[in-house]
1. Among the residues of the stretch 91-99, are any surrounded by 13 or more Cβ atoms within 10 Å (Cβ to Cβ) and at pLDDT below 90?
2. Residues to consider are Gln204, Gln161; find the one that is open to solvent by 60 Å² or more (accessible area, probe 1.4 Å), of a type in the set (S, T, N, Q) and assigned to a strand (DSSP E or B).
3. On the given criteria, is Asn210 in a strand (DSSP E or B), within 17 Å of Lys98 (Cα to Cα) and open to solvent by less than 20 Å² (accessible area, probe 1.4 Å)?
4. Please specify each residue of the stretch 125-152 satisfying the condition of being out of contact with any Ser or Thr (no Cβ under 6 Å at 6 or more places or on another chain) and either at pLDDT 95 or above or in a loop (DSSP other than H, G, I, E, B) (or both).
5. Please enumerate the residues belonging to the stretch 35-53 that are part of a helix (DSSP H, G or I) and at pLDDT 70 or above.
6. For the stretch 218-234, which residues satisfy the criterion of being open to solvent by less than 70 Å² (accessible area, probe 1.4 Å) and of a type in the set (A, V, I, L, M, F, W, C)?
7. Of these, Leu197, Leu187, Leu122, which one is assigned to a strand (DSSP E or B) and either touching a His at 6+ places or on another chain (Cβ under 7 Å) or surrounded by fewer than 17 Cβ atoms within 10 Å (Cβ to Cβ) (or both)?
8. Does Asp32 fit the bill of being exposed (fewer than 12 other Cβ atoms within 10 Å of the Cβ), of a type in the set (Asp, Glu) and modelled with pLDDT of 90 or more?
Amino acid sequence: MNTKTYLLHILSLALFLNFSCTSPKVGHQALDLNQVDLDFNVGYFYADALQEAKTNQEQRTSGVESDRTLQGASKVEVHKIYKAPYSAHKKYIGKGYKILNKNSGNNLSYLKDWEFNNVEMLQSPNENFMALCSNAHAFGKSQTEAFQNKFQNLVEFLTAQYGAPEVKKDAFLQEGTLYNWQLNDRLIALTYESDVLNSGHKSQPIAEFNYYMVHNAYLNIVRDDIIEGPWVML
């Protein structure tokens, strides 16, 4: 091995170790949404959660009980997404990563002072980052009132960063608003939805908001071709 090849090998190894040590993984540390770029490695982020789910499934199949759980998420589902999924001519357009059950009290992502209970992502067929969605929710009068203030503060924070958003009522949301910041390389968006949950003789207000980041190269696919999950709100 000549000197040049050796130095390139050492540099590649150093970069790999640095990436492995600093890149977040779901269930280990909350994801800073301000640090997500368009080269984000979706598969790496969910890798441990997927391995945990596989191990638990194998142990259940063999009758062995497991007491191991990831701190932030105990099960992640990966599913293929198709354009025109119910057509005979459906077309594979990517993978969706979704957390199915979250341990209460753990926030999986955050943006400055705002924390989110969940984080979903889309990955292209050639494993590029397509889009991210993080959501947070509130239940009851006191929570939803504080939640609305929290959401408005987030809108103001993003407006200070990116300028005034495009604001519109979305046809999909009954009591919701969509805020869009169209940037040169990505779309940043927020949706806010409120409703009333009727349970027995009691009614409780509920609210949810979603934070989105979508790679412009896949924006038309996410908006026009995906008909499931939180992506239909964009």
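1. Looking through the stretch 91-99, at least one residue is surrounded by 13 or more Cβ atoms within 10 Å (Cβ to Cβ) and at pLDDT below 90.
2. Details: Gln161 fails: assigned to a strand (DSSP E or B).
Going through Gln204, Gln161 in turn, just one is open to solvent by 60 Å² or more (accessible area, probe 1.4 Å), of a type in the set (S, T, N, Q) and assigned to a strand (DSSP E or B): Gln204.
3. Numbers: in a strand (DSSP E or B): yes; within 17 Å of Lys98 (Cα to Cα): yes; open to solvent by less than 20 Å² (accessible area, probe 1.4 Å): yes.
In short, yes.
4. Taking the stretch 125-152 first, the residues out of contact with any Ser or Thr (no Cβ under 6 Å at 6 or more places or on another chain) are 125-129, 131-133, 135-137, 139-152.
Pro125, Asn126, Glu127, Asn128, Phe129, Ala131, Leu132, Cys133, Gly140 - these are the residues of the stretch 125-152 that are out of contact with any Ser or Thr (no Cβ under 6 Å at 6 or more places or on another chain) and either at pLDDT 95 or above or in a loop (DSSP other than H, G, I, E, B) (or both).
5. Let us first name the residues in the stretch 35-53 that are part of a helix (DSSP H, G or I), namely 35, 42-53.
Those that are part of a helix (DSSP H, G or I) and at pLDDT 70 or above: Gln35, Val42, Gly43, Tyr44, Phe45, Tyr46, Ala47, Asp48, Ala49, Leu50, Gln51, Glu52.
6. The first filter runs over the stretch 218-234 and keeps only residues open to solvent by less than 70 Å² (accessible area, probe 1.4 Å), leaving 218-219, 221-222, 225-226, 229-234.
Matches in the stretch 218-234: Leu219, Ile221, Val222, Ile226, Trp231, Val232, Met233, Leu234.
7. Working: Leu187 fails: either touching a His at 6+ places or on another chain (Cβ under 7 Å) or surrounded by fewer than 17 Cβ atoms within 10 Å (Cβ to Cβ) (or both); Leu122 fails: either touching a His at 6+ places or on another chain (Cβ under 7 Å) or surrounded by fewer than 17 Cβ atoms within 10 Å (Cβ to Cβ) (or both).
Step by step, each of Leu197, Leu187, Leu122 is checked, and only Leu197 is assigned to a strand (DSSP E or B) and either touching a His at 6+ places or on another chain (Cβ under 7 Å) or surrounded by fewer than 17 Cβ atoms within 10 Å (Cβ to Cβ) (or both).
8. Values: exposed (fewer than 12 other Cβ atoms within 10 Å of the Cβ): no; of a type in the set (Asp, Glu): yes; modelled with pLDDT of 90 or more: yes.
The answer is no for Asp32.
The values are calculated or read from the model by the stated rules, or taken from the named source; none is laboratory data. These figures come from a predicted structure and were not determined experimentally. Virtual Cβ from ideal backbone geometry, glycine too; neighbours counted across all protein chains shown. When the accessible area is computed, the model is the full protein with side chains, heavy atoms only, and any ligands, DNA or RNA have been set aside. Shrake-Rupley method; radii C 1.70, N 1.55, O 1.52, S 1.80 Å.
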